[in-house]
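Notes follow once the structure below has been shown.
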Amino acid sequence: MEGGARNGMLMVKMLKDIFQIVQLYYKKQIDEDSINYSRFAVHMQFFLQRLLEDKMLENGVATIYDSVAREQKNAAGCVSQIQKYIRNFLKKEIPKEEQIYLIVHIARVMEDT
């Protein structure tokens, strides 16, 4: 199977799995009609594309990770579950910069729910 098609199928599977992780972690359904869900879905697609292509963001904002994680404890805990999933599934790590963005988007989408 061609790399692009393989990555496309992987992305669909991983998107479903990650939405499942978020919903199980929060014990809530995500409101799929909300604008924040749409933003979250788009962000996750770009995130997974960067992950699969080994082009993760590393732009020096990792220094604010601790304060963001402290402020958004639930979302940070959820991101830690996503990190475990990705580590098991792809044998890859998520840089702190990417974790910050995930925390922000998860916190936002779950505020709507």
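The values are calculated or read from the model by the stated rules, or taken from the named source; none is laboratory data. Only a predicted model underlies this, so the values are computations on that prediction, with no experimental measurement involved. Note that each Cβ is placed from the backbone with ideal geometry, even for glycine, and that neighbours are counted across all protein chains shown. The protein model used for the area step is the full one, side chains on, heavy atoms only, and it has no ligands, DNA or RNA in it. Shrake-Rupley method; radii C 1.70, N 1.55, O 1.52, S 1.80 Å.
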> For the subset of the stretch 98-113 comprising residues that are touching a residue at least 60 places away in the same chain (Cβ under 8 Å) and of a type outside the set (Val, Ile, Thr), which member is least open to solvent (accessible area, probe 1.4 Å)?
Replying inline: MET110
>> Considering only residues that are open to solvent by 30 Å² or more (accessible area, probe 1.4 Å), over 17 Å from LEU10 (Cα atoms), touching a residue at least 40 places away in the same chain (Cβ under 8 Å) and in a helix (DSSP H, G or I), which ones fall in the stretch 52-97?
In response: ASN74, GLN81
> Of all the residues that make up the stretch 1-46, how many are assigned to a loop (DSSP other than H, G, I, E, B), open to solvent by less than 60 Å² (accessible area, probe 1.4 Å) and at pLDDT 90 or above?
Replying inline: 0
